Amino acid sequence: MSHFTLLPGDGIGPEVIAQAKKVLEAVSVRYGLDFTFEEQLIGGVAIEATGDPLPSSTVEACRASDAILLGAVGGPQWDDPSAETRPEDGLLGIRSELGLYANLRPIQVHFPTASPLRDAAGVDILFVRELTGGIYFGPSSLSDDGMVARSEMVYAVPEIERIIRVAAEAARGRSGKLTSVDKANVLEVSRLWRRTAARVMADEFPDIEYEVVLVDAMAMHLLSRPRDFDVVVTGNLFGDILTDEASMLPGSLGLLPSASIGDGPPGLYEPIHGSAPDIAGKNLANPLATILAAAMALRHSLDLLEPAAAIETAVDDVLAAGLRTADVAGTGPTASTTEMGDAVARAVSM
Ligand code: IPM
Ligand code: MN
């Protein structure tokens, strides 16, 4: 038996989670698996219900599960800058509480016609974003007069070592190339990152082809020569920005899943997109990123490789058949969130 905690959250979160659950149920029937699901509160809906974006009951349930599937958090109704807590604190909190320091974000271009770039065919990059450190978690403050704010980017050697190891191991299982992205020409924290990464690579991964690229140059290379990259490792903030940019290689943020993992179970799986409040509740959201995140959960947390591949193949088949939500460019018929989920569930069952 495998137990999933579902964290639908805000905006389009509940809609996309419902489709992922539907697909997991279909794959469990096909492969004779026993999946159980339990929903918990996170983000804005948790603030409304309990005053806390990450209630302790949610953390407990997550700890007790085999995998966690999250929709999205945030929305304009919680954007008040003077508010004590924000929906995003729930997501940052669960990542940190569970020690999910490695965020894997695969970027693959299966349907180049959906890409706004002329030639994105063949792109296959795995971003490994550090997730529980850096400027997201460094000391921050606002002066009493409200005139000066600071947010510090902090990395300690062990945090850098472990994320480099995750990325280098991943590179070993792929084409054997790793790119580390930093801003070492300006930031002291990046110089420590670069020195530490170079040492780990030389001592432990001499077989991996290794290079360093500055983050501003990387933003450019991602568009000018995306096929030159295999595994890309970087810090929390740079990884957040570069992966949103990279999502335009396949053509939509709505296609990209991610896995957040630590040294032990459970892992947390989520689309890289946000809560998209403008289309929430309209049955328009693309559920594929969340469905693919569920596939990543099967692979990374449950070691169910064949069912994971079956979901990925089903997604490819449905897209290849021309079905697509409005966010994905192309000529096929436009599908709603539920139609897309139904189509993938059907394809999984065949
Ligand atoms: C992401 C999101 C989150 C982040 C937000 C919602 C806190 O943008 O997962 O990329 O910045 O990490
Ligand atoms: Mn982001």
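Numbers for the structure displayed
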{"read-out": "For Ser2, net neighbour charge (Lys/Arg +1, Asp/Glu -1) across residues whose Cβ lies under 14 Å away", "value": "-3"}
{"read-out": "Cα centroid separation, region 219-277 to region 174-204 (Å)", "value": "19 Å"}
{"read-out": "Under Karplus coefficients 6.51, -1.76 and 1.60, residue-wise ³J(HN,Hα) of region 17-29 in Hz, glycine/proline x", "value": "5, 4, 6, 5, 5, 4, 5, 4, 5, 5, 6, 5, 5"}
{"read-out": "Rg(Cα) / (2.2 N^0.38 Å) computed for the chain, rounded to two decimals", "value": "0.97"}
{"read-out": "Note, ³J(HN,Hα) from phi for region 249-254, Karplus 6.51, -1.76, 1.60, rounded to Hz, x at Gly and Pro", "value": "5, x, x, 7, 4, x"}
{"read-out": "Lys/Arg +1, Asp/Glu -1 at C-beta; region 124-248 dipole; positive extreme among Val213, Gly173, Ala156", "value": "Gly173"}
{"read-out": "Length-normalised contact order for the chain - Cα pairs under 8 Å, 6+ apart - percent", "value": "23 percent"}
{"read-out": "Per residue accessible area of the chain, 1.4 Å probe, in Å²", "value": "42 Å²"}
{"read-out": "Taking the convex hull of Cα positions in region 124-248, its mean projected area over all directions (nm²)", "value": "8.2 nm²"}
{"read-out": "Loop GluC sites (Glu not before Pro), region 102-196, which have at most 13 other Cβ atoms in a 10 Å radius of their Cβ (DSSP)", "value": "Glu152"}
{"read-out": "Pairwise centroid distance, computed over Cα atoms, of region 303-350 with region 13-91, Å", "value": "23 Å"}
{"read-out": "Largest-first ordering by accessible area, 1.4 Å probe, given options Val154, Val233", "value": "Val154, Val233"}
{"read-out": "Compactness of region 46-199 - radius of gyration and Dmax, Cα, Å", "value": "18.9, 53"}
{"read-out": "Where Ile160, Ile261 fall by accessible area, highest first, once all protein chains stay in place (1.4 Å)", "value": "Ile261, Ile160"}
{"read-out": "Accessible surface of region 72-118, 1.4 Å probe, proportion on carbon and sulfur as whole %", "value": "49 percent"}
{"read-out": "Neighbour count of at most 16 Cβ within 10 Å plus DSSP loop: longest trypsin sites (Lys or Arg not before Pro)-free window in the chain", "value": "1-117"}
{"read-out": "Region 124-248 - share of DSSP beta bridges that are antiparallel (%, nearest 5)", "value": "20 percent"}
{"read-out": "Hits among lysines - C-alpha to C-alpha of Lys22 under 28 Å, sequence gap 8 or more where chains match", "value": "Lys282"}
{"read-out": "Percent RCO, i.e. relative contact order, over region 124-248, from Cα pairs under 8 Å lying at least 6 residues apart", "value": "39 percent"}
{"read-out": "The chain - charge dipole about Cα centre, Lys and Arg +1 at Cβ, Asp and Glu -1, debye rounded to 20", "value": "880 debye"}
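The values are calculated or read from the model by the stated rules, or taken from the named source; none is laboratory data. None of these values were measured; they are calculated from a predicted model. Cβ sites come from the backbone with ideal geometry, for glycine too, and all protein chains shown count toward neighbours. Heavy atoms of the whole protein, side chains included, go into the accessibility calculation; ligands, DNA and RNA do not. Shrake-Rupley method; radii C 1.70, N 1.55, O 1.52, S 1.80 Å.
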